[in-house]
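The values are calculated or read from the model by the stated rules, or taken from the named source; none is laboratory data. Since this is a predicted model, take the numbers as computed values, not measurements. Glycine gets a Cβ as well: all are built from the backbone with ideal geometry, and neighbour counts include every protein chain shown. Surface areas here come from the heavy atoms of the whole protein model, side chains and all, with no ligands, DNA or RNA. Shrake-Rupley method; radii C 1.70, N 1.55, O 1.52, S 1.80 Å.
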Amino acid sequence: MTEPKTLYQKIWDAHVVDQRDDGTALIYIDRHLVHEVTSPQAFEGLRKAGRQVRRPDLTLAVPDHNLPTTARLDMDGNKIPIADPQSAAQLEALEANAPAFGIKYIGASDINQGIVHVIGPEQGFTLPGCTLVCGDSHTAAHGALGALAFGIGTSEVEHVLATQTLQLTRSKSMEIRVDGLLGPGISPKDLILHIIGVIGTAGGTGHVIEYRGEVFEQMSIEGRLTVSNMSIEAGARAGLIAPDATTFEYLKGRPMAPKGADWDAAVEYWKTLPTDHGAKFDKSVTINAADVAPTVTWGTSPEDVVQVTGNVPAPLSFADPSKQDAAQKSLDYMGLQSGQAMQDVAVENIFIGSCTNSRIEDLRAAANVLRDRKKAPGVKWAIVVPGSGLVKAQAEAEGLDKIFTDAGFEWREPGCSACLGMNPDKVPSGERCASTSNRNFVGRQGPGARTHLMSPAMAAAAAVTGKLTDVRELTN
Amino acid sequence: MQPVDKVEGRAIPFGQKNVDTDVIIPAKWLKTISREGLGEGAFEAIRAQDGNIFDDPDYADASILIAGDNFGCGSSREHAAWALDDMGIKAVIAPSFSDIFSGNAFKNGLLAIALPQEAVDRLMEVAKTDPISIDMQTMSVTTPFQDRFAFEMDAFRQKCLIEGLDEIDLTMAKSDAIEVHEKSIDSSQPWMTPAAV
Ligand code: SF4
């Protein structure tokens, strides 16, 4: 009998082009997503060296980070110019580079445009068992479909464009097993925030995490994407969830997914991918689903999590002296007092969006809380930014946009938006934001901005009360 | 990539420890579309101060930078290596480097040379008045005063730098193996190629 293998091992082994003596391997890359921020210098490098893109057909380009989320075309259908000259230059560079190198490009006013990690699965570009890279750390998201997906730097983007491979060292494998099921009103975002709280932001360093347990088997692809997306915040380069019937159902009929007999052959292959019984992981962590409550962050690291019904921790409650220091700095930056009840913390801004939580299910969950309600007077700015044009159209068909705008939210065009302070959507200095994004770093949402990470339903609840709120109090 | 066999010339005796990537190139320079021109933003905050070492005419043509421990810590931005290259720096000498920075430096043909603190201190002294010289063949740093400090570097990296081979060249030498892989996927998993839309 052959040695039992993990999902990670199977994908790795199937992609080794060449093995070097020092343990590194040349790994074939099946899918490459390109956006405007990390690609211009890579294309510049190709041009200087007179190189081509080896497999333009395996490459897909879309703008997302810099793009303003306000209207993109005027009344006459003409492009509205982008005010920031540097953003405009990056966007124009991608728009020119993609066709120059024969790469499919989804433009800003195309209905298929969206955040790179939303459109990969949505277009059926991301497939189980494939290797997928992008010059962005949240590429880990695509692991939700059983793809080995991770972020790379600009030199590596250039390397993949030129050779369709990467020189890599195999990571260790880590199993995060969740026992039991999530309680009512608890979302995949609460689960991943809880997991990061337990293992810490270095917990997965050097590992590829596979999420296992019944809770993931029952979870939708949207939910799995939320979980795998934040693997990087848990220190891992990639996350994985075994492909199953839910995955196949999600992918079937998507524009770039296999069709007809090819589809059947693909599904047969995908069914062989899940981790074999008895396969060994280098590290294993067990989480009890019953312990997961609606979760929010209090500090400036994604591991700084607390149940929304809890209090701001005291820095001295941490065993590690360097963590005590960091916690005090976080509290100063966040303008919080230790011991303060989280539910007393008032927020002025609400952001529902980002590659973590901008898919249709996320919008449905938030709209469910907001139906027939209005944002609190203290909430100055509340925006919903769908992850793609298709998500936006679907939400509009379901009337969700109306629920959001009636509640006092702005309904925007797809993009990264307030997830990072790179485009016009920023949180003002010193103000707080209930945000469904993935990073609460100092200045991430704009200089001096104070970010509290949470689920879409929780962000909606915060909009209604003007404070961090246990959403179960509004929905039960 | 340009082959680097020898780097000779004046060195900037900067000496600062824990120089992070934000000091090397501030975040506002990340929204560019070229590797060129970044030298203008290099060490911007330091250069805003009167009498700073980077604008000292003595070091105007320096090709070497001498720094303290843990050079290049902070983010993984490759712009740090690009900015140094664009300001004419071919080599950085320091007691230690962040791993990510030395990886990025290597990828861009910039030498990141680690030497013991005493050697770095001595080079800082010499740099004030005289040129220094780095030889990649003998893996040593020398001065006009008979100083000679040997450094270590992975043999693979040494070869790549001397021959000016970048990682893409090395991988392209494996084109046959890549093609074999592509052919086998085309026949066993034809559905791997995305449907054209
Ligand atoms: S939404 Fe945020 S995390 Fe996701 S790709 Fe955009 S900037 Fe990165």
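If you check A:ALA463 against the conditions, is it within 17 Å of the chain's Cα centre (by Cα) and either farther than 30 Å from B:ALA27 by Cβ or in contact (Cβ under 8 Å) with a residue 12 or more places away in the chain (or both)? Criteria not met by A:ALA463.
Scanning the range A:429-439 for residues that are within 12 Å of the ligand (Cβ to nearest atom) and more than 14 Å from chain B (Cβ to nearest Cβ) returns A:SER435, A:THR436, A:SER437, A:ASN438. With respect to the conditions (1) more than 16 Å from the ligand (Cβ to nearest atom); (2) open to solvent by 20 Å² or more (accessible area, probe 1.4 Å), A:THR38 falls short on a single one, namely (1). The numbered conditions (1) open to solvent by less than 20 Å² (accessible area, probe 1.4 Å); (2) more than 16 Å from the ligand (Cβ to nearest atom); (3) within 30 Å of A:SER284 (Cα to Cα); (4) not acidic (Asp, Glu) are all true for A:SER171 except (1). Residues of the range A:373-418 that are open to solvent by 40 Å² or more (accessible area, probe 1.4 Å), part of a loop (DSSP other than H, G, I, E, B) and either touching a helix residue (DSSP H, G or I) at 6+ places or on another chain (Cβ under 8 Å) or of a type in the set (Val, Ile, Thr) (or both): A:ARG373, A:LYS374, A:LYS375, A:GLU398, A:GLU413.
Scanning the range A:403-428 for residues that are in contact with a strand residue (DSSP E or B) (Cβ under 9 Å, 6 or more places away or on another chain) and more than 16 Å from the ligand (Cβ to nearest atom) returns A:PHE404, A:THR405, A:ALA407, A:GLY408, A:PHE409, A:GLU410, A:TRP411, A:PRO428. Residue check: is A:TRP381 touching a residue at least 12 places away in the same chain (Cβ under 8 Å), more than 17 Å from A:GLY466 (Cα to Cα) and away from the ligand (no atom under 16 Å from the Cβ)? No, not satisfied. When the residues of the range A:59-102 are filtered to those that are assigned to a loop (DSSP other than H, G, I, E, B) and crowded, with 22+ Cβ neighbours inside 10 Å, the one that is nearest to the other protein chains (Cβ to nearest Cβ) is A:ASN66. If you go through the range A:1-20 and pick out every residue that is in a helix (DSSP H, G or I), within 14 Å of chain B (Cβ to nearest Cβ) and open to solvent by less than 40 Å² (accessible area, probe 1.4 Å), you end up with 3. Taking A:ASN368 as the residue in question, decide whether it is within 16 Å of the ligand (Cβ to nearest atom) and either touching a residue at least 60 places away in the same chain (Cβ under 8 Å) or part of a helix (DSSP H, G or I) (or both). Considered against the rule, which asks whether it is within 16 Å of the ligand (Cβ to nearest atom) and either touching a residue at least 60 places away in the same chain (Cβ under 8 Å) or part of a helix (DSSP H, G or I) (or both), A:ASN368 comes out as no. Contact map, the range A:351-363: residues that are over 21 Å from A:LYS426 (Cβ atoms) paired with residues that are assigned to a strand (DSSP E or B) and more than 7 Å from the ligand (Cβ to nearest atom), Cβ distance under 7 Å, separation 6+ or inter-chain. Pairs shown: A:LEU363/A:VAL384.
Within the range B:171-197, being of a type outside the set (S, T, N, Q), closer than 30 Å to B:PRO3 by Cα and at the interface with chain A (Cβ under 8 Å from one of its Cβ atoms) holds for B:MET172, B:LYS174, B:ALA177, B:ILE178. Counting the residues of the range A:187-214 that are surrounded by fewer than 22 Cβ atoms within 10 Å (Cβ to Cβ) and hydrophobic (A, V, I, L, M, F, W, C) gives 3.
One line per residue, one yes/no per condition, for (1) touching a residue at least 60 places away in the same chain (Cβ under 8 Å); (2) more than 12 Å from chain B (Cβ to nearest Cβ):
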| site | (1), (2) |
| --- | --- |
| A:ILE106 | no, no |
| A:GLY120 | yes, no |
| A:PHE125 | yes, no |
| A:VAL133 | yes, yes |
| A:HIS142 | yes, yes |
| A:SER171 | yes, yes |
| A:ILE176 | yes, yes |
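For the range A:410-419, state whether one or more residues are of a type in the set (D, E, K, R), touching a residue at least 60 places away in the same chain (Cβ under 8 Å) and more than 14 Å from every other protein chain (Cβ to nearest Cβ). Scanning the range A:410-419 turns up at least one residue that is of a type in the set (D, E, K, R), touching a residue at least 60 places away in the same chain (Cβ under 8 Å) and more than 14 Å from every other protein chain (Cβ to nearest Cβ).
Within the range B:154-194, if we keep just the residues that are in contact with a Ser or Thr (Cβ under 9 Å, 6 or more places away or on another chain) and among the β-branched types (Val, Ile, Thr), the residue that is nearest to A:ALA42 (Cα to Cα) turns out to be B:ILE168.
Reported count of residues in the range A:235-258, each being open to solvent by 40 Å² or more (accessible area, probe 1.4 Å) and part of a helix (DSSP H, G or I), is 3. With the structure loaded, tell me whether A:ILE111 is over 25 Å from A:ARG439 (Cβ atoms) and either among the hydrophobic types (A, V, I, L, M, F, W, C) or within 13 Å of the ligand (Cβ to nearest atom) (or both) or whether it fails that test. Considered against the rule, which asks whether it is over 25 Å from A:ARG439 (Cβ atoms) and either among the hydrophobic types (A, V, I, L, M, F, W, C) or within 13 Å of the ligand (Cβ to nearest atom) (or both), A:ILE111 comes out as yes.
The range A:107-179 holds strands (runs of 3 or more DSSP E) entirely within its bounds, and those carrying 1 or more residues that are within 21 Å of the chain's Cα centre (by Cα) map to A:131-134, A:148-151, A:172-179.
Residues that are within 14 Å of chain B (Cβ to nearest Cβ) and more than 16 Å from the ligand (Cβ to nearest atom) within the range A:443-476 comprise just one, A:PRO447. Counting only residues that are open to solvent by 30 Å² or more (accessible area, probe 1.4 Å) and touching a residue at least 24 places away in the same chain (Cβ under 8 Å), the range B:24-39 holds 5 of them.
For the range B:138-197, the candidate set comprises residues that are of a type in the set (Gly, Ala, Ser) and touching a strand residue (DSSP E or B) at 6+ places or on another chain (Cβ under 7 Å); within that set, the residue that is most open to solvent (accessible area, probe 1.4 Å) is B:ALA150. Scanning the range B:106-120 for residues that are surrounded by 15 or more Cβ atoms within 10 Å (Cβ to Cβ) and at pLDDT 95 or above yields B:LEU110, B:LEU111, B:ALA112, B:ILE113, B:ALA114, B:LEU115, B:ALA119, B:VAL120. Scanning the range A:419-444 for residues that are open to solvent by less than 30 Å² (accessible area, probe 1.4 Å), of a type in the set (D, E, K, R) and closer than 24 Å to A:HIS194 by Cβ gives a single hit, A:ARG432.
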